Amino acid sequence: MHMNLKEGFKFFKKLHSKQKYNDGEAYYPHLFRVGMLIHNTLILNNEGNKKERNNLVIAAFGHDSLEDTKIKVEVLKKKFGDEITYLII
């Protein structure tokens, strides 16, 4: 199963769209920052192949999904497959 980074981020942004920090600031930019931190670290250190990097970044976008939303593991598996879901869990 393949999903590009833009599609992955869009999914998790929507999932967290109503989540806010105490000051009212939207939460989803945090997901993007974590994903980009992982992406840039992997690129700078020349680690992983394209598929591995892609999976790790999408999992980083979704790292708070199970604890902060009502999404179920089964939904993540259907949308992203076992590899990305395992990384999120």
*Filter result for N49 (crowded, with 16+ Cβ neighbours inside 10 Å, at pLDDT 95 or above, of a type outside the set (A, V, I, L, M, F, W, C) and within 19 Å of Y86 (Cα to Cα))*: no
*asked:* Which pairs turn up if I take residues in segment 27-48 that are over 16 Å from L15 (Cα atoms) and look for partners that are at pLDDT 95 or above and outside any helix (DSSP H, G or I) with beta carbon separation below 6 Å, at least 6 apart in sequence or on another chain?
replied: L42/G48
_Among the residues in segment 52-62, are any exposed (fewer than 11 other Cβ atoms within 10 Å of the Cβ) and either free of Cβ contacts under 8 Å to residues at least 24 places away in the same chain or in contact with a Leu (Cβ under 7 Å, 6 or more places away or on another chain) (or both)?_
no
_Top-ranked residue of segment 1-37 - restricted to ones that are surrounded by 15 or more Cβ atoms within 10 Å (Cβ to Cβ) and outside any helix (DSSP H, G or I), ranked as modelled with the lowest pLDDT_ = M3
_Pairs where the first residue, in segment 1-17, is among the small types (G, A, S) and the second is open to solvent by less than 60 Å² (accessible area, probe 1.4 Å), C-beta under 6 Å, 6+ apart_ = G8/I58; G8/F61
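The values are calculated or read from the model by the stated rules, or taken from the named source; none is laboratory data. Just so we're clear, the structure is a prediction, and the values are computed from it rather than from any experiment. Glycine also receives a Cβ, built like all others from the backbone with ideal geometry; neighbour counts cover every protein chain displayed. We work out accessible area using only protein heavy atoms, side chains counted, and drop any ligands, DNA or RNA first. Shrake-Rupley method; radii C 1.70, N 1.55, O 1.52, S 1.80 Å.
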